[in-house]
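Chemist: This is the structure I want to talk about, given as C-alpha cells.
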C-alpha cells in the first residue's frame, strides 16, 4: 500500500488535548490529525485513551485543554449535535441505532425530508435512502426494520446515515470486531469507497493485519499520551508494537516467592459452541496464572464456564483428585472455585442487605443447620473475614449500599474468601480503581497465593499481567494463542500473541 | 429514638393508631377490644395473602392470580365438602391445590421465562374460568355446606377466631422463614441483586418459582377460610382482591422492585386497609370513599418510599460513611 501524497492541511486537527477524570488522567497533551481521503489508524492498548479521544471528537466529553481545528479554524464541540453539524460522525462497535425503526428511518432520524405540511415525506425518504445505500454498494431494502438485519448490515446503515448528514470525518471504532471474513472484506471495500469520496477516516483496531491492509497513516497512544504518528509505509509491525507497549514508568509489584505446589485444577479440552474451543491448562497451589487477551478474546467466557454459569459442550476438568462436572454455580462453589466478576457493582454486592448477610450469602450451608440460620455463626464468619481485609464500617449490620466503592469491594472479596476456596478467579481485579487501591489488591493477591490458594487473574493490563503472574496464557478469538513463562513473558510477545502477529524474524 | 422514628414500620403503626384515635373521637365504640378483635378477624385473609404476595414481590415478581387461586381452591373445597370428604382432608387439599396453581405460575416464569405480570394476568383469568367449568357457573350456598365446614373459621379460641389464629401462625412462620432461614435470605438476595445472586450460587428462577408456590399455597388455604366464613362459593369470590393484597404490600413498604420488605410492614399495611374498610361504614362514609382513601394511601406510601430512597444518595465523604 502506497501512501497518498500528504494534502497540505488536515480536515481535522486536535492538538494539546488533555482530559482528566477524578483520579485518572485519561489524555495528556495528545495530538491527532485526520486528512481528507486518507485512513488514519489509531493504535494503542486498552486504556491508552482511544475511546476518550473519540468521545472528545464527537462532543460527548469536553477536553480540559487543547484545540480542535476544522479546516484550520478553531472550533468547539460542546454537544454531540455540534460535532455532527461540523461533519464528524462515529460508527461504534455496537452500533447505536433503533432496532424497531426501518432502515430509512434510522438513516434520516432527526433530518427526515418533510412534505409541505411538515409531515415526514416517506416517498422521498425511501428514495433518498435507496440512493445512499446504492452509493455505498449496500443491497438493502430501506423498508426493512433494523431488527431483521445482521450486525454487518447495521454498520452499513450507520455509514449511510453518516453520508446522509454529509459527514467529512468518519470514525470507525473496531468496526470489524463482530464481523465474518466476508463481511470484513466488504467493509474494506466500503472504506476504499469513502476514501475515494474524500472522507477523512479514523480507524480504530487491534488487528495489525487490517491496519496494514487499509490504513494510510497511524497514530499511537500509550497511557493517554501521544507516542508517534506517521505514514504506514514507513513503519513495520515490530516498530508499532514497540511504540504501543514500551513503558516509561514501571509500577512496583509485590515481591513473591514462587512456591508452586501440586496441581489443583486441570482443564482438558473445554469447548463451547460459540465462545471458545479446546482450552487446556493446569493450575497449581500457590500459583498466579494470568489470562491475557484483547477484549472479546473469550477469557471471561472460559471463566464463567469454569464457574458453572455457562456450560461447556465438550471437555472435563479435574479439581484436586476427582474429575468434576460443574453444572451449576452452587457446585463450583462446593468444589472450591469462586469467581470475582469484573462488574462488581452489578454482579457483586446485594445492596439492601447488611454487610454480614452479604458476606455469608455463598456460605449459608455452613452457617445454617437444617435450613435455619445461626446468627452467631454468621456474625463470626463476617467478622473474621472483614477484619482481615481491614473493612471500615460502623457495624456489620450496616447496609452494604451505604459503603464506599472500595469498601464494597472488600465485602465482595470477604464473601468469596469466607467460602474457603481452593481456586479464586479474579476478573479484571483492578479495573477502574485508583493506584493506591490497585497496590492493595496486588499485595492481597500475593498473600493469597502465598497461603496456597490457586489464583487465576484475567487482566487486560500488560504491566499487571507481567508483574503479578507466574505464568501467562494468552487467548485470541476463543482459543489459547500462547502460554508464556519466565523470560518469554515480555510485552512484545504478549501483544503479538494476542493480536495474532507472527514472531519477529 | 431518631432511628426508630425513621423506621417505616413504626411510622405506619403510628399512622394506624392516629387513624384509630380520630375514629374514636366520634365513635368510641370502634376501639372497644371486642370491635378491634372483629377488625382483626375480618382482616385475617388479607394478612395471609399479603405475606405470600410479599415473598413473591421480594423476588422481583408479582402474583396477580392470588384472588383467582383463592376462589378456585375455595370452590373445590366447597365441592369436596358437598361430596362428603372430611374437613381434615379438605384443608390439606386446598393447601396443596393452591401450591400446585402457584407452581404453574412459578414454572412459567422460571422455565418459559415469561414476565410474571403476564403469566399471572393469564392464569388469573384461566383459574376463574376453571371455576366456571367445574361449577357450571352455579353458586354453592350456605345450606349446601356442612356445619363443621362453615364453623371452623369462626370458632372462637381464647377470644379470637380460628381464622385469626391461622393468620397469626402464618405471620410467625413468615417471620421465621424470612429472617431465620437460608431460603428466606435467598429471596432477599434474588430481588436485591439477581446478578450477584447467580454468582453466589443461587438459582434465581427457582427461588422465584418457590415464592409463587408459597403464595399459591397461602391463597389455597385462604380459599377454604374465605368460602367457609362467608358460607358461599361462586365464580367471582374475592373478585379484584388481588389489588388489595398488592396494595397492602406497597403500603407496608415492600419495594415493588424487589429485595426489600418486612413481615411487620406487610402485616401493618394489611391492617391499615382493614381499619379503613371497617371504619368507614361506621363513620357513615360511602364505601366509594374507601377506594379513594386506600388509593391515596398507596400513592402516599410509594412517594414516601421513593423519597427515602432518594434522600440516601451517594456517600462520598469519608466522614459521612461512618455516620450512616
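Chemist: Of B:112, B:232, B:162, which has the largest mean-square fluctuation in a 10 Å C-alpha GNM of chain B?
Modeler: B:112
Chemist: Give the angle, between 0 and 90 degrees and rounded to the nearest 10, that separates the Cα long axis of helix A:122-135 from the longest principal axis of the Cα atoms of chain A.
Modeler: 80 degrees
Chemist: Between 0 and 90 degrees, rounded to the nearest ten: what's the tilt of helix A:151-164 against the longest Cα principal axis of chain A?
Modeler: 40 degrees
Chemist: Further question on the same structure: Please report the antiparallel percentage of DSSP beta bridges with both residues in the protein assembly as shown, rounded to the nearest 5.
Modeler: Expressed as a percentage, antiparallel bridges in the protein assembly as shown total about 60.
Chemist: Considering the zone a paramagnetic label at residue A:252 would reach in this model (a point 7 Å from Cα along the Cα-to-Cβ line), which residues of region A:451-485 have amide N under 17 Å from it?
Modeler: Within reach of a label on residue A:252, which here means backbone N under 17 Å from a point 7 Å along Cα→Cβ, region A:451-485 contributes A:464, A:467-468.
Chemist: Looking only at B:98, B:220, B:284, which one moves most when chain B is put into a Gaussian network model with springs between Cα atoms under 10 Å?
Modeler: So, out of B:98, B:220, B:284, the one fluctuating most is B:284.
Chemist: If I model a spin label at residue B:125 and residue A:260 as a point 7 Å from the Cα along the Cα→Cβ vector, what separation in nanometres do I get?
Modeler: Here the answer is 6.5 nm between the modelled labels.
Chemist: Peptides A:323-330, B:21-28, A:179-186: what's the order by average Cβ count within 10 Å, highest mean first?
Modeler: Highest-to-lowest ranking by the protection proxy: A:323-330, A:179-186, B:21-28.
Chemist: Over chain B, what relative contact order in percent results from Cα pairs under 8 Å that are six or more residues apart?
Modeler: Relative contact order of chain B: 32 percent.
Chemist: For B:152, A:417, what ranking results if the residue with the fewest other Cβ atoms within 10 Å of its Cβ goes first?
Modeler: If I rank by nearby Cβ atoms, fewest first, I get B:152, A:417.
Chemist: From the helices alone, meaning DSSP H stretches of at least four residues, give me the mean residue ellipticity at 222 nm for the protein assembly as shown, per-run term -39500 (n - 2.57), in deg cm²/dmol to the nearest 500.
Modeler: -15500 deg cm²/dmol
Chemist: Right, here's the next one. Once the Cα atoms of helix A:375-388 and of chain A are each reduced to a long axis, what angle between those two axes, in degrees from 0 to 90 to the nearest 10, is obtained?
Modeler: Helix A:375-388 and the main axis of chain A meet at about 60 degrees.
Chemist: Would you list A:102, B:69 from fewest to most Cβ contacts within 10 Å?
Modeler: A:102, B:69
Chemist: List B:108, B:70, B:14 from most exposed to least, where exposure is judged by having the fewest other Cβ atoms within 10 Å.
Modeler: Final ranking by Cβ density, sparse to dense: B:14, B:108, B:70.
Chemist: Residue by residue through A:353-365, how many Cβ atoms from other chains fall within 10 Å of the Cβ on average?
Modeler: Per-residue shielding by partner chains comes out at 4.
Chemist: What distance in nm lies between label points placed 7 Å from Cα along the C-beta direction at residue A:439 and residue B:147?
Modeler: That separation, rounded to one decimal, is 8.7 nm.
Chemist: Contour minus end-to-end for residue A:390 and residue A:60, with contour as 0.36 nm per residue of separation and end-to-end as the Cα-Cα distance?
Modeler: Using 0.36 nm per residue and subtracting the Cα-Cα distance, I get 114.9 nm.
Chemist: Follow-up. Stretch residue B:285-residue B:88 to full length: gain in nm at 0.36 nm per residue minus the Cα-Cα span?
Modeler: Between residue B:285 and residue B:88, full extension yields an extra 66.8 nm.
Chemist: Calculate the FRET efficiency for residue A:310 and residue B:79 from the Cβ-Cβ distance with a Förster distance of 41 Å, rounded to the nearest 0.05.
Modeler: 0.25
Chemist: Taking 7 Å along the Cα-to-C-beta vector as the label spot, tell me the residue A:239-residue A:275 distance in nanometres, rounded to one decimal.
Modeler: So the two model labels end up 4.1 nm from each other.
Chemist: Within region A:150-180, whose backbone N sits under 18 Å from a point 7 Å along Cα→Cβ of residue A:73?
Modeler: A:166-169
Chemist: Give the relative contact order (percent, whole number) for chain A; include only Cα pairs under 8 Å separated by 6+ residues.
Modeler: Relative contact order of chain A: 15 percent.
Chemist: Given contacts defined as C-alpha pairs under 8 Å and at least six residues apart, what's the relative contact order of region A:38-164, whole-number percent?
Modeler: 22 percent
Chemist: Taking 22 Å as R0, compute the FRET efficiency from the Cβ-Cβ separation of residue B:21 and residue B:158 and round it to 0.05.
Modeler: Efficiency for this residue pair is about 0.20.
Chemist: Top mean-square fluctuation among B:276, B:285, B:171, Gaussian network model of chain B, C-alpha springs under 10 Å?
Modeler: Maximum fluctuation in the GNM of chain B, among the listed residues, is at B:285.
Chemist: By how many nm would the segment from residue A:193 to residue A:485 grow when fully extended, if each residue of separation counts as 0.36 nm and the alpha-carbon distance is taken off?
Modeler: That works out to 100.6 nm of additional length.
Where a number appears in this text, it was derived from the coordinates with a stated rule and is not lab data. Here the structure is a predicted model, which is why all the values come from computation and not from measurement. Glycine gets a Cβ as well: all are built from the backbone with ideal geometry, and neighbour counts include every protein chain shown.
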